Amino acid sequence: MKKKHRSVLSDKLKRKRKAIDLIDRKLLFLLNQRLRLALDTGKIKKEMGGKIYDLKREKEVLERLKIKNRGPLREKDLEKIFRTIIRVCRRSQK
């Protein structure tokens, strides 16, 4: 591979990684924002005497996300990611 071509590819790689880093920071911000809302929701559920775990709601969330997903994220991976997010939020509500 020519040195100039390698340099161009290296620059492209750096730009892509920079874009990924920015998205990671945005995801982190959004995950923390989601958790704050889940904590507030948990307090409200407790005040109402309700249970933290709401299987129906979780299924609704997952189904809505599957419908909105246009890829390339595979449905099974989307479900794994969001089940983990939901589980972390639920555990934090206790």
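The values are calculated or read from the model by the stated rules, or taken from the named source; none is laboratory data. Note that the structure is predicted; figures quoted are calculated from it, not measured. Neighbour counts are summed over all protein chains in view; Cβ atoms, including those assigned to glycine, are modelled from backbone coordinates with ideal geometry.
From the list 62, 13, 27, which residue is part of a helix (DSSP H, G or I), touching a residue at least 12 places away in the same chain (Cβ under 8 Å) and either exposed (fewer than 10 other Cβ atoms within 10 Å of the Cβ) or out of contact with any Cys (no Cβ under 9 Å at 6 or more places or on another chain) (or both)?
Details: 13 fails: touching a residue at least 12 places away in the same chain (Cβ under 8 Å); 27 fails: touching a residue at least 12 places away in the same chain (Cβ under 8 Å).
Exactly one residue qualifies, and that residue is 62.
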Please verify whether the range 73-94 includes one or more residues that are at pLDDT below 95 and exposed (fewer than 10 other Cβ atoms within 10 Å of the Cβ). yes
Quick one: what pairs do we get from the range 67-92, first residue under 11 Å from residue 38 (Cβ atoms) and among the polar types (S, T, N, Q), second at pLDDT 95 or above and surrounded by fewer than 14 Cβ atoms within 10 Å (Cβ to Cβ), C-beta under 8 Å, 6+ apart or different chains? 92/39
Find all pairs meeting these conditions: Cβ atoms under 9 angstrom apart; at least six residues apart or on different chains; first residue within the range 34-57 and more than 15 Å from residue 82 (Cα to Cα); second residue in a helix (DSSP H, G or I) and of a type in the set (A, V, I, L, M). 50/44
As an exercise: evaluate residue 56 against (1) surrounded by 10 or more Cβ atoms within 10 Å (Cβ to Cβ); (2) at pLDDT 95 or above and give the number of the one condition it does not meet. (1)
Among (1) at pLDDT 95 or above; (2) in a helix (DSSP H, G or I) - the single one residue 45 does not satisfy: (1)
